Amino acid sequence: MQTGNEEVWRAIFAEGHPKLKRFQQFHMRLPSPPRCKMCFVPFGGLGGTLMRWRGKRPSQRNPRFCNACDAFITAFPGGAEVELSILFVDVRNSVGLAERLGPTAFSNVMRDFYTVATQCLIDTDGFVVEFIGDAVAAIYPPGFCGPEYARKAIAGAEDLMRTKMPSASDGTELLIGAGVHTGTVFIGTVAGAEGGYHDVQPLGDNVNVAARLSSMAEPNQALISEATLISAGCTPKGLQARKLDLKGRSLPITAYAIGCDTALLAA
Ligand SMILES: [Zn+2]
């Protein structure tokens, strides 16, 4: 994790950088995904061809960002503390599934899971962060999502719960668990070995809380922390509050469980 350039990163993730926002709005009107994670420039479809012609293409060493954003990350290493929402989603029983399916079939179904889950997160304005084993995570920073960031994170979890997950080659449908939490995290650039790979990642206790909530959720359930509901201005609508002891943390977390037929946001 790198530090420095605090005002730049706070502007991007907390307030919304005016120039980047203009790029994002313009690029979202062009087809098609995949897109640069930061400026949303399209890499696919007609828009992708047009933008390549204008000099914007996937960065060679960091293909989830465009060459311009990759150069920006390299030029401004660092980060800032920002209040945002974090969503984790992971596959249940992936160890048993890997054993049963064998490596190729397992990797195929996991690739399908990443595709489906990532789409739910991007559709709700999430900024997808590194894939960790059998999990996908996204942050919902106000600089990208506006003041509704916590609502959008809840919408991301609800979208995941309602979306049909892929099935493995033996017919097993993947079961997922998700967790959403809101609080201050350090969000900043990470330099890879020999400076060869850069990404933007969140770090801190609140990130761990979201990950733990995801792992504690029952199959096809999302645990939404009370802090997220408060941020979103949401009422629990008759859902039972649960006090959860999270491994390695001294203070319990209050959370509400949603599934495919319970929702916090009005449809
Ligand atoms: Zn970009």
Which number in (1) in contact with a helix residue (DSSP H, G or I) (Cβ under 8 Å, 6 or more places away or on another chain); (2) among the small types (Gly, Ala, Ser); (3) away from the ligand (no atom under 16 Å from the Cβ) marks the one condition that Ser59 misses? (3)
Helices (runs of 4 or more DSSP H) contained entirely in the range 116-218, each with at least 2 residues that are modelled with pLDDT of 90 or more, touching a helix residue (DSSP H, G or I) at 6+ places or on another chain (Cβ under 9 Å) and more than 22 Å from Met1 (Cβ to Cβ): 149-162
Determine if the range 145-153 includes at least one residue that is without any contact (Cβ under 8 Å) to a residue 60 or more places away in the chain, touching a strand residue (DSSP E or B) at 6+ places or on another chain (Cβ under 7 Å) and not charged (D, E, K, R). no
Looking only at the range 62-86, count every residue that is away from the ligand (no atom under 14 Å from the Cβ), on the phi < 0 side of the Ramachandran plot and not in a strand (DSSP E or B) and tell me the total. 1
Single residue of the range 92-115 satisfying the filter (crowded, with 18+ Cβ neighbours inside 10 Å and closer than 12 Å to Pro166 by Cα) that is nearest to the chain's Cα centre (by Cα): Phe113
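The values are calculated or read from the model by the stated rules, or taken from the named source; none is laboratory data. Note that the structure is predicted; figures quoted are calculated from it, not measured. Note that each Cβ is placed from the backbone with ideal geometry, even for glycine, and that neighbours are counted across all protein chains shown.
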